[in-house]
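Beneath this line is the structure, given in structure tokens, with notes to follow.
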Amino acid sequence: MNSKINTGLLAYGMSGKVFHAPFVSTHSGFNFVGVTERNQKQAVKDYPSVKSYNSIEELIADESIELVIINTPNFTHYDYAKLALQAGKHILVEKPFTATSAQAKELFALAKSVGKKALVYQNRRYDSGFNSVKKIIESGKLGKLVEVHFRYDRYRNEISPKFFKEEPYPASGLSYDLGPHLLDQAICLFGKPKSFHKVLSKNRVDTKVDDYFAIQLSYPNDLNVFLTASMLVTDIQSAFVLNGMMGSFSKNHADVQEEQLLKGIKPTDEKYGIENSADAGKLTLVTENGGRATQFIPSEKGDYMGLFEAVYQNIVHDVPYPITEEDIITQLEILEG
């Protein structure tokens, strides 16, 4: 393989335009070769040198492409990932990797058998808020953690026109849409839970899929982690709340990367990934005399480029990828449980 990884995108909707193309086009280790566009040919307007393929099969059959980014609807991930691996490609697959843990194990085994990498795109490990939470935990300032809450809320009372999100296909519903983000963050910080309890519900008129979930993860030393997402919250709650023996930390979800990328700001721009100072996290600690001391902690920089750097290092230099197969299998076992 050359030092640059020839890369193809399977779709050029929002995911392709916002979360992938800006990174593979600016990271020095990738060569953005092409994208599948069945109807409208939009990619060339943004990237004049990029080739547009009429079908996914045509892109995968291109022998020059070494890495295929699978950013198609959830229920297609398994089939396209298998097709790409069998064609001798490395794959980077959007969350959720597959609908079931059995499918994930099959793909990981197939990747090993053909000598290719099967990697999962979990970009929320590179959010500013999550980076701030991770730093606070690693500092030890909160003492022994007792209770952790991660939330991802929005208000969308209508049924989405995106059929693949609203029909009961495999890996549909809010639990498979936002659950992989929250579960991956929890698993990254705390590992595999010893047990879990999950609640799903359907609340919107005529909905066919869940639009609310709550998952409780139980860990050793009586640590409980609560993951919640809802499509019906008008007063958005704190995205991160951590309570420990010596203090508490809370933080809203204010990562700016998606908003910046939608505006055309490049990952290489100086202000990329830097949150508004008003969105700093709140740290409250117990003082020596039993009082309380509160300070506001500026957010860490968010940078999804870190994920693409990890992909590059894993494919080219075999550096371990931070999102492990075990992480993904644990995630899927909880989602399907």
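If the cut-off is a Cα-Cα distance under 30 Å, which lysines reach Lys144, setting aside same-chain residues fewer than 8 apart in sequence?
Lys134, Lys135, Lys192, Lys194, Lys198, Lys251, Lys282, Lys301
Can you list the lysines whose alpha carbon sits under 17 Å from that of Lys263, skipping same-chain ones fewer than 8 residues off?
Cross-link targets: Lys17, Lys45, Lys271.
Let a ≥ b ≥ c be the square roots of the eigenvalues of the Cα gyration tensor of the stretch 142-278; is it rounded (a/c under 1.5), or, if not, prolate (a/b larger than b/c) or oblate?
oblate
Take every DSSP beta bridge whose two residues both sit in the stretch 93-242, then give the antiparallel share in percent to the nearest 5.
70 percent
For the chain, what log10 I(q)/I(0) values come out of the Debye formula at q = 0.16 1/Å, with one point per alpha carbon and no solvent?
Those come out to -1.52, one per q.
Towards the positive end of the charge dipole of the chain, with charges on Cβ (+1 Lys, Arg; -1 Asp, Glu), say which of Tyr12, Ala293, Phe240 has the farthest Cα.
So the residue we want is Ala293.
Taking the Cα centre of each part, how many Å lie between the stretch 84-156 and the stretch 219-280?
17 Å
Counting helices only, and only those DSSP H runs with n ≥ 4, report the 222 nm mean residue ellipticity of the chain as the sum of -39,500 (n - 2.57) divided by its residues, in deg cm²/dmol to the nearest 500. Intermediate values should be presented prior to the final figure.
Numbers: 12 runs with 101 residues, N = 337.
After summing the helix terms and dividing by residue count, I get -8000 deg cm²/dmol.
Magnitude of the Cβ-charge dipole of the chain, K/R +1 and D/E -1, about the Cα centre, nearest 20 debye?
Charge dipole of the chain: 200 debye, to the nearest 20.
Given the whole protein assembly as supplied and a 1.4 Å probe, what does the accessible area of Glu326 come to in Å², nearest 10?
Result for Glu326: roughly 120 Å² accessible.
Please list 3J(HN,Hα) in residue order for the stretch 45-52, calculated via the Karplus relation 6.51 cos²θ - 1.76 cosθ + 1.60 where θ = phi - 60°; whole Hz, with x for glycine and proline.
Ordered by residue, 3J(HN,Hα) equals 5, 8, 9, x, 8, 7, 8, 9 Hz.
Expressed in nm to one decimal, what extension gain is obtained for the pair Asn224 and Lys202 from 0.36 nm per residue of sequence separation less their Cα-Cα distance?
This chain segment gains 5.4 nm when fully extended.
Measuring with a 1.4 Å probe in the full set of protein chains, what accessible area per residue, in whole Å², belongs to the stretch 5-80?
Working: 3030 Å² over 76 residues.
Solvent-accessible surface per residue comes out at 40 Å².
Quote to one decimal, in nm, the extra length available between Ser64 and Lys271 on full extension: 0.36 nm per residue of separation minus the C-alpha distance between them.
Once the chain is fully extended between Ser64 and Lys271, it gains 71.0 nm.
For the stretch 59-66, in order, what is each residue's ³J(HN,Hα) by Karplus, 6.51 cos²θ - 1.76 cosθ + 1.60 with θ = phi - 60°, in whole Hz (x at glycine and Pro)?
With the stated coefficients, the stretch 59-66 comes to 5, 5, 6, 5, 5, 6, 7, 9 Hz.
Roughly speaking, to the nearest percent, how much of the chain's 1.4 Å accessible area is carbon and sulfur?
Roughly 50 percent, rounded to a whole number.
Before anything else, pin down the relative contact order of the chain: Cα pairs under 8 Å, at least 6 apart, normalised by residue count, whole percent.
Values: 682 pairs, mean separation 61.2, N = 337.
After rounding, I find 18 percent.
Per Stokes-Einstein, at 37 °C and 0.692 mPa s, what whole-number D in µm² s⁻¹ belongs to the stretch 8-97, with the Kirkwood radius over Cα pairs as the hydrodynamic radius? Don't skip to the answer; put the middle values down first.
Details: Rh = 12.9 Å.
Estimated via Stokes-Einstein, D reaches 255 µm²/s.
To the nearest 10 Å², what's Ser3's accessible area with a 1.4 Å probe?
The accessible area of Ser3 comes to roughly 80 Å².
Starting from the Cα gyration tensor of the stretch 253-337, take the square roots of the eigenvalues, sort them a ≥ b ≥ c, and report rounded, prolate or oblate (rounded when a/c is under 1.5, otherwise prolate if a/b is larger than b/c, else oblate).
Working: a/c = 2.22, a/b = 1.34, b/c = 1.65.
Oblate, because a/c is 1.5 or more while a/b does not exceed b/c.
Straight-line reach from Lys82: which aspartates and glutamates have Cα under 18 Å away, leaving out those fewer than 8 places along the same chain?
Straight-distance partners of Lys82: Glu57, Glu58, Asp62, Glu63, Glu66, Glu94, Glu106, Glu325.
How much length would be gained if the chain were fully extended between Ala214 and Ser195, taking 0.36 nm per residue of separation minus their Cα-Cα distance, in nm to one decimal?
This chain segment gains 5.4 nm when fully extended.
What does DSSP give for the chain in terms of the percent of beta bridges that are antiparallel, rounded to the nearest 5?
Given both bridge residues lie in the chain, the antiparallel proportion sits at roughly 55 percent.
The values are calculated or read from the model by the stated rules, or taken from the named source; none is laboratory data. Computed from a predicted structure; not experimentally measured. Reconstructed Cβ throughout: ideal geometry from the backbone, glycine too, with neighbour counts over all protein chains shown. Just so you know, the surface numbers come from the protein's heavy atoms only, side chains and all, with ligands and any DNA or RNA stripped out. Shrake-Rupley method; radii C 1.70, N 1.55, O 1.52, S 1.80 Å.
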